[in-house]
Structure formats: C-alpha cells, structure tokens
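Colleague: Input: one structure, supplied below.
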Amino acid sequence: MITSERQKPVFRFAPSPNGQLHLGHALSALLNRDMAEAWHGRLLLRIEDIDQARCTPDFEAGILRDLDWLGIGWESPVRRQSEHFAEYQAALHALIERGLVYPAFLTRGEVKARVAAYEAAGESWPRDPDGTPHYPANDRERPEVEWRDMLASGRKHAWRLDMRKALALTGELLFWTETGDGRSGEIAAEPEAWGDVILSRSDAPSSYHLSVVVDDALQGVSHVVRGFDLFPTTSVHRLLQVLLDLPQPLYHHHRLVLDAQGRKLSKSEGDSGLAELRARGLSGADIRRLVGL
Ligand code: GLU
C-alpha cells in the first residue's frame, strides 16, 4: 500500500532558541526522529521564538548545528513562530468574540505583591503546576464596556482565558491519549489547576499555550513527543483544542535527563550543552549512549 504524504504520522521537535540545546533536548529530538522513522512518518522542526526578548538568531543557528551534528534531518521550511503572530491573533480573537478571554491589566510585580500581602495575612493562594500564583479575579469580573474603554485609552494588557467560563462551556471531563514513560492510557485533563492561563502577553501577541496548539493543528502534527516536564501543560492544550475546534494529537511525554544531583538540566549548564560536548570531541553516537538510547 502506498501511503500518501497526508496520511503519514507527523512528529515535531519544537525548541525555543533562548539558550543552547543540552542532553535533554538531544533525547527529545532523537526520540522524535526514531519514532518518525519507525512509523514511516515525517519530522518537522519548529522554532518557538515568540519571546523575542530572549530568543536570538545565534541560538537558533546553534540549534540547527547541533541537530545536524546529531544526524537529524527535518523538513523545510522550518516554521518560526515569530513569523506567524497573525495566526495566533486570529485564534485569540475567536475566543474574545465568544467572551472566553478577558484583558488582564496587572503586571507580574503587582500580582506578586498582591499574593505576598494575602499570604502574609496567613491565607493560601492557589498556584499552578509550575508554582506560579493564579491570576487574581479582579480583571475577570470587569464589565466589557469598562475594559473596552481601558483598551481604547492604550492601557497595557495581556489576554487571559476565563477558566471557569471555558470549563462550563466544555462541560464534561476532557481526556488525552498518552503513550509516554510515566502515566499512560487515557489521561483526564485538569486545566483548572492552571487558573486563568495567559494566551497573549503584553509584550508578545501570543503565548506558549496558544501558539503550540495552533501550530500543532496547522502543521497536522499527529504525535507530540516531548519531555515529561510538559505533561501538566497538556491539560491546557486539550482544553484549547476543544475551544478552538482543533484536532487532538497523541501525546508521548518522555523521561527527563537529569544532572548528577538529580535535577532537570537547564540551558545554562555548560557541561551538558551539546556544543560543549561536541567541542570535547564526542560524536552523535556518544550522545545517543549518554541519553540512554
Ligand atoms: N518550546 C518548548 C520548549 O523548548 C517545547 C514545546 C513543546 O514541545 O510543546 O520547552
């Protein structure tokens, strides 16, 4: 049987060029490539550079060099998120029109101060799975006529999902199909754990959550293979897929590569950086061994 391009499984490796790739990224990229090969699928590379303050062309060039050295090939053209803000804005506007998002005017510092004052009084404040405090309720309750005036007067703002409204709309429990190293099977999404997630920032016309679901759908991604640290975010992604009427991919969250102290690797750790390991004379095959493949 001949499988047409359209029927082939589609995998993607989606790094952010805000630092150098390390062994954890190597595991992710190699697994995507191995699985794409095993399933006779396609492998896409997506550069997630919506944070223009932290992402640089140098880091992006480093990513391409590292992948090339690992022997990983990808399809052209590479999708660069900073070139697609209009698509994320279109998705955001669809949600604004349905009253599911609201403009949020508090700065990060103001939220922090508010939460600190609350906690100093002995009250507990909900935090998301990353430990970030949920956004306070004030802006969510503001009548539309009022926020429209504030926007018209040029007030800086982000856009946040009204989680309670969104959940009321989707009604029943949402699930995703997981084949990863930890929990697998049908996983019940828990988007409420994230509070009113940010969908568009005051300094970037999108957010990680919004662009990742829009891109996975636009690129026809059928298999999302990524690190276990992103497992909890899948709850938000499932909810957005339902709200935006997007297809759902299968998910495979793989184990993380840890340092000698058992901590997740970070982009600033030189000794596990791929460029550093290459400079020390290691080969792509050595890297496969180092990440346990
Ligand atoms: N850009 C994200 C990162 O570098 C990965 C996003 C994803 O795979 O969904 O952590």
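Colleague: List 163, 150, 35 from most exposed to least, where exposure is judged by having the fewest other Cβ atoms within 10 Å. Write down the numbers at each step before the final one.
Modeller: Numbers: 163 21, 150 15, 35 18.
Ascending number of Cβ neighbours within 10 Å: 150, 35, 163.
Colleague: Just need the relative contact order of the stretch 1-159 here, percent rounded to a whole number, with Cα pairs under 8 Å and 6+ apart. Don't jump to the answer; show the numbers that get you there.
Modeller: Details: 148 pairs, mean separation 30.9, N = 159.
It rounds to 19 percent for the stretch 1-159.
Colleague: Ignoring everything except DSSP H segments at least 4 long, calculate the 222 nm mean residue ellipticity for the chain; use -39,500 (n - 2.57) per segment, divide by total residues, nearest 500. Walk me through the intermediate numbers first.
Modeller: On the way: 11 runs with 112 residues, N = 293.
For the chain, the value works out to -11500 deg cm²/dmol.
Colleague: Here's a follow-up. Taking amide hydrogens as modeled 1.01 Å from N in the peptide plane, which residues meet the under 5 Å criterion relative to residue 42, leaving out close sequence neighbours?
Modeller: 10, 11
Colleague: Based on the Cα atoms of the stretch 48-137, what semi-axes does the equivalent ellipsoid have, where each is the square root of 5 times one gyration tensor eigenvalue, given in whole Å with the largest first?
Modeller: On the way: eigenvalues 268, 87, 27 Å².
In descending order the semi-axes read 37, 21, 12 Å.
Colleague: How large is the Kirkwood hydrodynamic radius of the stretch 96-170, in angstrom, based on all distinct alpha carbon pairs?
Modeller: On the way: mean 1/r = 0.0728 Å⁻¹.
Every distinct Cα pair counted, the radius reaches 13.7 Å.
Colleague: Quick check on the stretch 1-111: take the gyration tensor over C-alpha atoms, sort the square-rooted eigenvalues as a ≥ b ≥ c, and tell me if it's rounded (a/c under 1.5), prolate or oblate. Display every interim value, and only then the final one.
Modeller: Values: a/c = 2.59, a/b = 1.44, b/c = 1.80.
Oblate is the answer for the stretch 1-111, as a/c is 1.5 or above yet b/c matches or exceeds a/b.
Colleague: What residues from the stretch 178-213 fall in the zone where the backbone N is under 18 Å from a label point 7 Å along the Cα-to-C-beta line of residue 141?
Modeller: Label zone hits: 196.
Colleague: Exactly which trypsin sites (Lys or Arg not before Pro) in the stretch 76-136 are in a DSSP loop and have at most 16 other Cβ atoms within 10 Å? Intermediate results must be reported in sequence, preceding the final value.
Modeller: Details: sites: 79, 80, 98, 108, 112, 114, 127; in loops: 98.
Listed in order of number, the matching sites are 98.
Colleague: Next up: Taking every DSSP beta bridge that has both residues in the stretch 12-162, what percent is antiparallel when rounded to the nearest 5? Could you put the intermediate results ahead of the total?
Modeller: Values: 5 of 9 bridges.
Approximately 55 percent, going by the DSSP bridge assignments.
Colleague: From the residues 55, 237, 73, which one has its Cα farthest along the dipole of the chain in the positive direction, the dipole being from +1 and -1 charges on Cβ of Lys/Arg and Asp/Glu about the Cα centre?
Modeller: 73
Colleague: Given R₀ = 25 Å, what would the calculated FRET efficiency be for residue 286 paired with residue 261, taking r from the Cβ atoms and rounding to 0.05?
Modeller: On the way: r = 22 Å, r/R0 = 0.89.
E(calc), rounded to 0.05, equals 0.65.
Colleague: First select every other residue whose beta carbon is under 12 angstrom from the beta carbon of residue 47; then total the charges, Lys and Arg +1, Asp and Glu -1. Walk me through the intermediate numbers first.
Modeller: On the way: positive: 12, 46, 79, 80; negative: 48, 49, 51, 60, 83, 215.
Spelling it out: positives minus negatives among the neighbours equals -2.
Colleague: Further question on the same structure: Gain in length, residue 121 to residue 181, computed as 0.36 nm per residue apart minus the alpha-carbon separation, to one decimal in nm? Each step should come with its number before you reach the end.
Modeller: Working: separation 60, 0.36 × 60 = 21.60 nm, distance 4.15 nm.
Contour length minus Cα-Cα distance gives 17.4 nm.
Colleague: Additional query: Considering only DSSP states other than H, G, I, E and B, which trypsin sites (Lys or Arg not before Pro) in the stretch 1-56 qualify as loop sites with at most 13 other Cβ atoms within 10 Å?
Modeller: On the way: sites: 6, 12, 33, 42, 46, 54; in loops: 54.
Here the trypsin sites (Lys or Arg not before Pro) that fit, given the DSSP loop and packing criteria, are 54.
Colleague: Right, another one. Among 184, 206, 4, what is the fewest-to-most ranking by other Cβ atoms within 10 Å?
Modeller: The order, fewest Cβ neighbours first, is 4, 184, 206.
Colleague: With Rg and the Kirkwood Rh both taken from Cα atoms, where does Rg over Rh land for the chain? Walk me through the intermediate numbers first.
Modeller: Details: Rg = 20.3 Å, Rh = 20.6 Å.
Taking Rh as the inverse mean 1/r over Cα pairs, Rg/Rh reads 0.98.
Colleague: Take 172, 87, 119 and order them by how many other Cβ atoms sit within 10 Å, fewest up front. Spell out each step's value before the answer.
Modeller: Working: 172 6, 87 16, 119 12.
Lowest count first: 172, 119, 87.
Values in this text are rule-based calculations from the coordinates and carry no lab data. Note that the structure is predicted; figures quoted are calculated from it, not measured. All Cβ positions, even for glycine, are placed from backbone atoms using ideal geometry, and neighbour counts span all protein chains on display.
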